[in-house]
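Novice: Got a structure for you, questions after.
The values are calculated or read from the model by the stated rules, or taken from the named source; none is laboratory data. Just so it is clear, the structure is predicted and the values come from calculations on it, not from any experiment. Here the Cβ is made from the backbone with ideal geometry for all residues, glycine too, and neighbour counts use every protein chain on show.
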Amino acid sequence: MLILSMIANILLPIYIIIVTHLIPHLLSVKILLLYGKTYKKTIIFCKNIMAILCLFPWKSSINAYIIVRNCNGTFKFLETKMAFTLPDLPYAHDALAEFGMSAETLEYHHDLHHNAYVVNGNKLIAGTEWESKSLEDIITGTYDNNAVAQNGIFNNASQHWNHMQFWEMMSPGKSAMPSELEAALTENFGSVDAFKDEFKAAGAGQFGSGWCWLVKAADGSLKVTKTENGVNPLCFGQTALLGCDVWEHSYYIDFRNKRPDYLANFLDNLVNWDYVAARL
């Protein structure tokens, strides 16, 4: 992806020159959308202004690189932030089925629930000060530690971020735990099994909807935490190493009301431990 980004940034100025010289008659509004798996370009032609946006959705807060051609022929390079977009799953919908998470669950969870956070979040931030902010800035800026219930912008932004992490934290097939992660868990919890027991207890003990997490605190220590609804470790200055969604829509199709079984299966069969270790 980094290579694609570098290639796009190198070729973009050449592309602009070609387009601006080969299209002498710019219509009042003409929009061309080019979609790719790892990047998307939106090219907007106006009467005397051309804006080219290169979006890179593998970033949690999508950067938009905008180049504007002014009436006098000069170019202005801008960088801004764009609204939320739903990322593709890093695997097929049925890839986790034999490991305990069915295609039906992912179709509902990713395609409907996650997408709803994206759609509603975009509606709520439109025209506000948060529209141009990064996803992380929106989360930390709208979180209210004293509120009984968080506001809509926070809820949708935070849940969007949570789910982007969640999909990446799982992978098809059992993942062996890297030695550096095993050592860190043993140092902080006594053993890997002790960590798993504490993680499962946190998830099972979260009353109602929420998440359980393995986090790295500001002092570098590892802790197991749980949060209600969409609240996540960003709100407390922590780094999320692993998170498990314990909202019912995450497990009810496959495990019905047996949340402890879902948590045990998550740790034993679904976690991408290489991804977790890379976040240490």
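Novice: Considering each of F207, F266 in turn, give the residue that is assigned by TED's automatic domain parsing to the domain that holds M101, modelled with pLDDT of 95 or more and assigned to a helix (DSSP H, G or I).
Specialist: Selected residue: F266, the only one of F207, F266 that is assigned by TED's automatic domain parsing to the domain that holds M101, modelled with pLDDT of 95 or more and assigned to a helix (DSSP H, G or I).
Novice: Answer yes or no: is there a residue in segment 173-183 that is out of contact with any Ser or Thr (no Cβ under 7 Å at 6 or more places or on another chain), at positive phi, of a type outside the set (S, T, N, Q) and in the same structural domain as L270 (by TED's automatic domain parsing).
Specialist: Checking segment 173-183: at least one residue is out of contact with any Ser or Thr (no Cβ under 7 Å at 6 or more places or on another chain), at positive phi, of a type outside the set (S, T, N, Q) and in the same structural domain as L270 (by TED's automatic domain parsing).
Novice: Hey, any hits in segment 227-247 for a residue that's modelled with pLDDT under 95 and closer than 22 Å to D88 by Cβ?
Specialist: No, that holds for no residue.
Novice: Those residues that are β-branched (V, I, T) and in contact with a Gly (Cβ under 6 Å, 6 or more places away or on another chain), I need them from segment 216-243; list them, please.
Specialist: The one that is β-branched (V, I, T) and in contact with a Gly (Cβ under 6 Å, 6 or more places away or on another chain): T227.
Novice: For segment 247-263, state whether one or more residues are of a type in the set (S, T, Y), part of a loop (DSSP other than H, G, I, E, B), buried (at least 21 other Cβ atoms within 10 Å of the Cβ) and more than 17 Å from the chain's Cα centre (by Cα).
Specialist: Taking every residue of segment 247-263 in turn, at least one turns out to be of a type in the set (S, T, Y), part of a loop (DSSP other than H, G, I, E, B), buried (at least 21 other Cβ atoms within 10 Å of the Cβ) and more than 17 Å from the chain's Cα centre (by Cα).
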